[in-house]
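Chemist: One structure is given below, represented as structure tokens, and several questions about it will come after.
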Amino acid sequence: MILYNTITTLTSLLLTIKPSIAAPAAVASSNPLRGGENLIGYSPTNTISNENTETISYQLAAGQTDAANLGVYLNFEDVENPQPIRGSTGGTDPGPRNVEMEKMYSDKLAPPGTDSGATINAQWPLALSGVTLGKGKSGWSRQQNIDVLPAATEMAGVNMRLEAAGYRELHWHVAAEWALVLNGSCRIQAVNEDGQTFIDDVGKGDVWFFPAGIPHSIQALEDGVEFMLVFDSGSFSETNTFLATEIFAHNPREVLSKDLGVPVSSFQNIPSDKLFIFPGTPAPTDIQAQNITGSAGSVPQTQSYSYHFSEQPARQLEGGSVKILDPLSFPIASSFSAALVTINPGGLREIHWHTSSDEWTFFIQGQGRATLFTPPSEATTFDYLAGDVAYFPKSNSHYIENTGDEVLIVLEVLQADHYSDMSLAQWVGLTSKQIVQDTLNLTDETLSQFTTEKKIVVS
Ligand SMILES: *[C@@H]1O[C@H](CO)[C@@H](O)[C@H](O)[C@H]1NC(C)=O
Ligand SMILES: *[C@@H]1O[C@H](CO)[C@@H](O)[C@H](O)[C@H]1NC(C)=O
Ligand SMILES: *[C@@H]1O[C@H](CO)[C@@H](O)[C@H](O)[C@H]1NC(C)=O
């Protein structure tokens, strides 16, 4: 057993400790079997291999020799053969292993000593979701739902790309759909139960919402579009929506003819299969050319299906910024409350929990990590990269720490009629010092530094 007796100081956080051990040529010896002759597989000529697994060459990352409960983020990027070691705990892994993935998710390989037991899985990298390819290079989509993240029962996500003029086919679904445009722009349109119509163009940073059952379509404008859809049901599946092509294909032609008041022959060229994502003719620049209204007119402004969130200024915070969008400003999305948070390098979205909803989170840019704490004493630390989904059940505490060197951008979505959270720091800061002291055995000096204000993102 190779032991590293490295002096553990905080300065080691700043250094990259790379003790490299020259591996003696592996000596594989073999000995005769030592068990009784009555055991299966026994034969005097069979042997047991004694390959030496203790002579592995590896490096440790900065912070890896610190006490395990300090639990700093370990950057394995440039570390040769990283190992599941924290402080004095763990041991080496001779293999088999997927080192590239272990480097990306280092808190999985060498969890902080404060992790304990088993929480739910709170992570799904969309890179592991199979992509559905659209027709003729018109785009693609991929999703996260309870099939891949079983604990995420309240919300599901779909990430979609439409190339210029590409359509997401006219459709509706049982779940309600909330969306954030990630890149580019698109035209969205819908018709409601009262025959009121809606049409708008949305760009990067804007949001839309379609209530359950409201049929709608999406077409990319000339620069193409990518967006993230969030549904209010964890079992939502993009392959299970009500498509215009399918409703036409699966009603008797005689009935379609009566229903729409046209001859049966009108339907001889309708698609025999769904289109889902497909190329279209470019939308006219003049939106009025596609603005159809009946006697009920258009959807009133108070019920608008879009919200130009990109225009809303961010609130600057100590370690980043936040923009909050909830039904107070976007009433139609009556159960969706969201926060678009930026966290500067080294910053921390403070330890918090949500009183009334699970949280569904999407990592838009950068990288971070979170520890999910579940009573009585379960805790798991997850690393997240851009394109990963996180899920934190109601009342379960979590934070998000920026572990990279660029600004981290995350979208937090709740099923709630307003955005709210409980801050650990503010809770203990607003509790009598005597009570906190009796409970946590902290010094007067420590207690005097606690804040009474919610910081949301600390530096
Ligand atoms: C798309 O949006 C993301 C998130 O805002 C950004 O990081 C990325 O650079 C954008 N890509 C393009 C091609 O604009
Ligand atoms: C569509 O037309 C209606 C009726 O003229 C109008 O009230 C509405 O503002 C138009 N929509 C857009 C997006 O211009
Ligand atoms: C509180 O901390 C002090 C200093 O470490 C220790 O002496 C004392 O035993 C602790 N008290 C309790 C109740 O744990």
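Laboratory data are not the source of any read-out in this text; all were calculated from the coordinates shown. What you are looking at is a predicted structure, and each value in this text was computed from that prediction instead of being measured. No Cβ is skipped: glycine too gets one built from the backbone with ideal geometry, and neighbour counts run over all protein chains shown.
Chemist: Within 10 Å, count the other beta carbons around each residue, average over each peptide in 111-119, 57-65, and list them highest first.
Modeler: With the highest mean Cβ count within 10 Å placed first, the list reads 57-65, 111-119.
Chemist: Where does each of 375-382, 259-266 land if you order them by average Cβ count within 10 Å, highest first?
Modeler: In descending order of packing, they fall as 375-382, 259-266.
Chemist: What's the FRET efficiency of Ser420 with Asp78 using the Cβ-Cβ distance as r and R₀ = 51 Å, to the nearest 0.05?
Modeler: 0.80
Chemist: Can you tell me the order of 438-445, 248-255 when each peptide is scored by its average per-residue count of other Cβ atoms within 10 angstrom, highest first?
Modeler: In descending order of packing, they fall as 248-255, 438-445.
Chemist: Continuing with this model, one more query. Over the range 128-307, what is the relative contact order in whole percent, taking alpha-carbon pairs under 8 Å and six or more residues apart?
Modeler: 30 percent
Chemist: Over the range 295-365, calculate the relative contact order: mean separation of alpha carbon pairs under 8 Å at least 6 apart, over the residue count, as a percent.
Modeler: Relative CO of the range 295-365 lands at 23 percent.
Chemist: Between Ile247 and Thr431, what FRET efficiency follows from the Cβ-Cβ distance if R0 is 45 Å, with the result rounded to 0.05?
Modeler: Once the sixth-power term is evaluated, E becomes 0.20.
Chemist: Please give the length that would be gained between Val264 and Ala151 if that part of the chain were fully extended, namely 0.36 nm times their separation in residues minus their C-alpha to C-alpha distance (nm, one decimal).
Modeler: 35.9 nm
Chemist: How long is the gain from Asn69 to Glu378 if the chain were fully straight, where each residue apart is worth 0.36 nm and the alpha carbon distance is subtracted?
Modeler: So the extension gain works out to 109.8 nm.
Chemist: Next question, about the same structure. What lysines could a cross-link reach from Lys137, if we take a straight Cα to Cα line under 28 Å and drop same-chain neighbours fewer than 8 places away?
Modeler: By straight Cα distance, Lys137 reaches Lys204, Lys274.
Chemist: Could you put Leu275, Leu424 in order, starting from the residue whose Cβ has the fewest other Cβ atoms within 10 Å?
Modeler: Leu424, Leu275
Chemist: For the range 312-458, what is Rg from Cα atoms divided by 2.2 N^0.38 Å, rounded to two decimals?
Modeler: For the range 312-458, the normalised Cα radius of gyration is 1.08.
Chemist: When only Cα pairs under 8 Å and 6 or more residues apart are kept, what is the percent relative contact order across the chain?
Modeler: 14 percent.
Chemist: Next question. Can you return the aspartates and glutamates within cross-link range of Lys103? Criterion is Cα-Cα under 13 Å, with same-chain partners fewer than 8 residues away left out.
Modeler: Partners found: Glu77, Asp78, Glu80, Asp383.
Chemist: Also, quick follow-up: Expressed as a whole number of Å, what is the distance separating the alpha-carbon centroids of the range 254-301 and the range 162-210?
Modeler: For the range 162-210 versus the range 254-301, the Cα centre distance is 15 Å.
Chemist: Rounded if a/c is under 1.5, else prolate if a/b is larger than b/c, else oblate: which is the range 68-109, with a ≥ b ≥ c the root eigenvalues of its Cα gyration tensor?
Modeler: Taking the square roots of the gyration eigenvalues as a ≥ b ≥ c, the range 68-109 is oblate.
Chemist: Say R0 is 51 Å: what FRET efficiency, to the nearest 0.05, do Ser217 and Thr55 get from their beta-carbon distance?
Modeler: E between Ser217 and Thr55, to the nearest 0.05, is 0.25.
Chemist: Taking amide hydrogens as modeled 1.01 Å from N in the peptide plane, which residues meet the under 5 Å criterion relative to Ser357, leaving out close sequence neighbours?
Modeler: Under 5 Å from the amide H of Ser357: Ser395.
Chemist: Please work out how many pairs of lysine residues in the range 312-458 are eight or more positions apart (or on different chains) and have Cα atoms closer than 20 angstrom.
Modeler: Qualifying lysine pairs in the range 312-458: 5.
Chemist: Expected output is a single nm value to one decimal: the length gained when fully extending between Asn31 and Lys394, i.e. 0.36 nm times separation in residues minus the C-alpha distance. What is it?
Modeler: Result: 125.0 nm gained on full extension.
Chemist: Also: Provide the per-residue ³J(HN,Hα) series for the range 108-120, in order, calculated from phi with Karplus coefficients 6.51, -1.76, 1.60 and θ = phi - 60°, each as a whole number of Hz, with x at glycine and proline positions.
Modeler: Running phi through 6.51 cos²θ - 1.76 cosθ + 1.60 with θ = phi - 60° gives 6, 6, 9, x, x, x, 7, 5, 7, x, 10, 8, 5 Hz.
Chemist: Sticking with this one: Which of rounded, prolate, oblate describes the range 215-260, given a ≥ b ≥ c as roots of the alpha-carbon gyration tensor eigenvalues and a/c under 1.5 marking rounded, otherwise prolate only if a/b is larger than b/c?
Modeler: oblate
Chemist: Let me ask something else. Would you please state the base-10 log of I(q)/I(0) at q = 0.07, 0.11 1/Å for the chain, with intensities from the Debye formula using one equal scatterer on every alpha carbon?
Modeler: -0.49, -0.96
Chemist: OK, next. Restricting attention to the alpha-carbon atoms of the range 385-441, what are Rg (one decimal) and Dmax (integer), both in Å?
Modeler: My reading of the Cα-based Rg and Dmax gives 15.7, 45 Å.
Chemist: Quick one: Glu77, Glu238, fewest Cβ neighbours within 10 Å first, how do they rank?
Modeler: Least crowded to most crowded, the residues run Glu77, Glu238.
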